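The values are calculated or read from the model by the stated rules, or taken from the named source; none is laboratory data. In this text the structure is predicted, and so the values were computed from the model without any measurement. Here the Cβ positions follow ideal geometry from the backbone for every residue, glycine too, while neighbour counts run over all protein chains shown. For the accessible areas, the whole protein counts, side chains as well, though only heavy atoms, and no ligand, DNA or RNA atoms are used. Shrake-Rupley method; radii C 1.70, N 1.55, O 1.52, S 1.80 Å.
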Amino acid sequence: DRMGVTGEKMELNVYEQITAPTVIAYIHPGNKLAAIVGFNKANVDEQVAKDVAMQIAAMNPVALLPEEVSEEIKEREMSIAREKAKEAGKPENLLDKIAEGALNKFYKDFTLLQQEFIKNPKQTVAQYLVASDKELTVTAFKRFTLNAE
């Protein structure tokens, strides 16, 4: 239908879905960035759900929890941290410990439930959810960007 309106050829190159008791979608103004997020409970407060979806759109987490980060990403981040420490002249015997610290910072910045909540950086996303409902958590999320080719 949309092709008939715009006169442009359009193709759907990906289709994703989340199954959860509550799923909410957020489309960022401009329609080029969107997120969907699933929660473990039904009837989640709409503002809480929207806030988490906006967090996903804004902060681009790679996983829900550190355990879910792929080994490939972990190895890449450890390698980058080792190289930076080596270039900074850090002793060889401390490189692994420094890299481990950098990986923990990566988890804090790029795993959704450990990220600082954008509306209140004094709490994590997990703490924000618990403040709303003691048993509430995110079960899955997807983030999408529209690329014009």
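Quick notes on this structure:
- Alpha carbon Rg of the chain, scaled by the compact-globule rule 2.2 N^0.38 Å: 1.29
- The stretch 85-146: GluC sites (Glu not before Pro) in DSSP coil with no more than 11 other Cβ atoms inside 10 Å: Glu135
- Heavy-atom SASA rank of Val23, Val5, Val44 (probe 1.4 Å, accessible area, largest first): Val5, Val23, Val44
- Averaging Cα coordinates gives a centre for the stretch 121-149 and one for the stretch 1-74; these two points are 10 Å apart.
- In degrees, nearest ten, helix 95-110 long axis to first principal axis of the chain (Cα): 20
- With respect to the chain, whose longest principal axis is taken over its alpha-carbon atoms, helix 71-87 is tilted by about 40°.
- Restricting the stretch 14-112 to chymotrypsin sites (Phe, Trp or Tyr not before Pro) that sit in a DSSP loop and have at most 13 other Cβ atoms within 10 Å of their own Cβ leaves Tyr15.
- Inverse of mean 1/r across different Cα pairs in the stretch 58-141, Kirkwood, Å: 14.1
- For Thr137, the residues whose modelled amide H falls within less than 5 Å of its own, excluding neighbours fewer than 5 places apart on the same chain, are Asn40, Lys41.
- Lysine-lysine proximity count for the stretch 82-143, Cα under 30 Å, sequence distance 8 or more or distinct chains: 25
- The calculated FRET efficiency for Glu46 paired with Leu146, based on their beta-carbon distance and R0 = 41 Å, is about 0.95.
- Loop trypsin sites (Lys or Arg not before Pro), the stretch 42-140, which have at most 15 other Cβ atoms in a 10 Å radius of their Cβ (DSSP): Lys119, Lys134
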